[in-house]
Amino acid sequence: MYSRIIGTGSYLPERVLTNQDLEKMVETSDEWIRTRTGITQRHIAREDQSASDLAMLASLNAMTAAGVTSKDIDLIIVATTTPDMVFPSTACILQDKLGVENCPAFDVQAVCSGFVYALATADMFVSSGKCRNALVVGSEIYSRILNWNDRSTCVLFGDGAGAVVLSQSDEPGILSSHLHASGHYRDVLSVPGSISGGIIRGNPYINMDGGAVFKFAVKVLEDVAHEAIAENQLQTSDIDWLIPHQANIRIIRSTAQKLGIPLDKVVITVDKHGNTSAASIPLALDIAVRDGRIHKDQLIMLEGVGGGFTWGAVLLRW
Ligand code: UT7
């Protein structure tokens, strides 16, 4: 038995924050942001929206596309770095909002690799026959953990959610998944703050050594793609669509170049979404499915890298 994605969905908050808007908030320029990152705009959630709200709207779109209802869902995994609250999990809150009865529901915390981790985990449940239809979601509200006075980070991120329904199938589907982590690098990219005794202790905003993240990302995105390709005895030239985590157009270009994959086979959304962390890959996937770029039997490589460090890839046949 295999698992296959049978429907995708996404949701972006209505409010758009452009580089020109940011020029009025911090000492930056549209030119700097575009040339260093490729980003022109990002979406920002309303005050009254939480990660589970964004997840719910993306999930409903994915469930409609898949032709399933809340009665059919028997596993929910939400990848998020910006959960609604300390607990219960965003997945349990989403389960209630969708009216899904009694099924396992839990969050995965692997920062920008979160969706790849969540999809790999769901594949274990579905391909083993434990679950029939898994809802796998990446949902983030990074605007809540950005220091809006820190120009080195606040221009990079955005809010959004993407979701897929992963179902049992006689044909593949997911071919293989490859997950890695190295906690040795945990201080390079972090939100180190915590709540203790009702007080926030430490910095509750993103803290990042951008250059170190950049170098690491380019290296491991190349390595893990080769690992996935080799395990399946394929060539990088067999890949129809590369869907990497969307952090910086320069990281995406370098990765594609090192892999020998032309840019017209890479799905790029970072220009319009910014970095939406765990939501970036399912958002990009949904956009490429809905605009008709992705179709049956194509070979798709999803790959992510993020805080931890964590990194990984999922290779699948559409
Ligand atoms: O999902 C994973 C999360 N994070 C990432 O993937 C981030 C990976 N890293 C990157 O994307 C890039 O390293 C950045 C976009 C963060 C930075 O690009 P860079 O080319 O590595 O620039 P830099 O850090 O070397 O900074 C160059 C200059 C500095 O000024 P000085 O010291 O050369 O005078 C910064 O102060 O740019 C300055 N700078 C800015 N200037 C205008 C930093 N942020 C800004 C800004 N506007 N927003």
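The values are calculated or read from the model by the stated rules, or taken from the named source; none is laboratory data. This one's a predicted model, so the numbers in the text were calculated from it and none came from an experiment. Neighbour counts are summed over all protein chains in view; Cβ atoms, including those assigned to glycine, are modelled from backbone coordinates with ideal geometry. Surface accessibility is based on the protein's heavy atoms, side chains included, excluding ligands, DNA and RNA. Shrake-Rupley method; radii C 1.70, N 1.55, O 1.52, S 1.80 Å.
Going by the conditions given, is residue 314 buried (at least 24 other Cβ atoms within 10 Å of the Cβ), modelled with pLDDT of 95 or more, within 21 Å of residue 2 (Cα to Cα) and touching a strand residue (DSSP E or B) at 6+ places or on another chain (Cβ under 9 Å)? Talk me through it step by step, then tell me what you get.
On the way: buried (at least 24 other Cβ atoms within 10 Å of the Cβ): yes; modelled with pLDDT of 95 or more: yes; within 21 Å of residue 2 (Cα to Cα): yes; touching a strand residue (DSSP E or B) at 6+ places or on another chain (Cβ under 9 Å): yes.
Yes; evaluated as a whole, the condition is true for this residue.
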* **Selection status of residue 143, under 19 Å from residue 68 (Cβ atoms) and open to solvent by 10 Å² or more (accessible area, probe 1.4 Å)** => no
* Condition check for residue 26: within 16 Å of the ligand (Cβ to nearest atom) and surrounded by fewer than 21 Cβ atoms within 10 Å (Cβ to Cβ) -> yes
* Asked: Could you say which residue among 156, 179, 166 is crowded, with 21+ Cβ neighbours inside 10 Å and under 30 Å from residue 39 (Cα atoms)?
  -> 156
* Asked: Out of the stretch 101-122, which residues are open to solvent by 10 Å² or more (accessible area, probe 1.4 Å) and over 19 Å from residue 247 (Cα atoms)?
  -> 101, 102, 103, 104, 105, 106, 107, 108, 121
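For (1) assigned by TED's automatic domain parsing to the domain that holds residue 45; (2) β-branched (Val, Ile, Thr); (3) under 17 Å from residue 113 (Cα atoms); (4) not in a helix (DSSP H, G or I), each residue gets a yes or a no:
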position: 227; (1), (2), (3), (4): no, no, yes, no
position: 230; (1), (2), (3), (4): no, no, no, no
position: 256; (1), (2), (3), (4): no, no, no, no
position: 271; (1), (2), (3), (4): no, no, no, no
position: 278; (1), (2), (3), (4): no, no, yes, no
position: 292; (1), (2), (3), (4): no, no, no, yes
position: 302; (1), (2), (3), (4): no, no, yes, yes
position: 308; (1), (2), (3), (4): no, no, yes, yes
position: 313; (1), (2), (3), (4): no, no, yes, yes
* To do: Could you grab me the full set of residues in the stretch 241-278 that are touching a Phe, Trp or Tyr at 6+ places or on another chain (Cβ under 8 Å) and either of a type in the set (Ser, Thr, Tyr) or within 12 Å of the ligand (Cβ to nearest atom) (or both)?
  => 248, 250, 251, 274, 275, 276, 277, 278
* **Qualifying positions in the stretch 282-309 - buried (at least 24 other Cβ atoms within 10 Å of the Cβ), more than 11 Å from the ligand (Cβ to nearest atom) and not acidic (Asp, Glu)** => 282, 283, 284, 285, 301, 302
* Considering every residue within the stretch 123-139, establish whether at least one is open to solvent by 10 Å² or more (accessible area, probe 1.4 Å) and either within 16 Å of the chain's Cα centre (by Cα) or among the aliphatic types (A, V, I, L, M) (or both). => yes
* To do: Go over the candidates 90, 82 one by one and state the one that is crowded, with 21+ Cβ neighbours inside 10 Å, within 25 Å of residue 46 (Cα to Cα) and in contact with a Lys or Arg (Cβ under 8 Å, 6 or more places away or on another chain).
  => 82
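Evaluate the following for residue 30: is it at pLDDT 95 or above and touching a Cys at 6+ places or on another chain (Cβ under 7 Å)? Walk me through how you get there before you give the answer.
Values: at pLDDT 95 or above: yes; touching a Cys at 6+ places or on another chain (Cβ under 7 Å): no.
The answer is no for residue 30.
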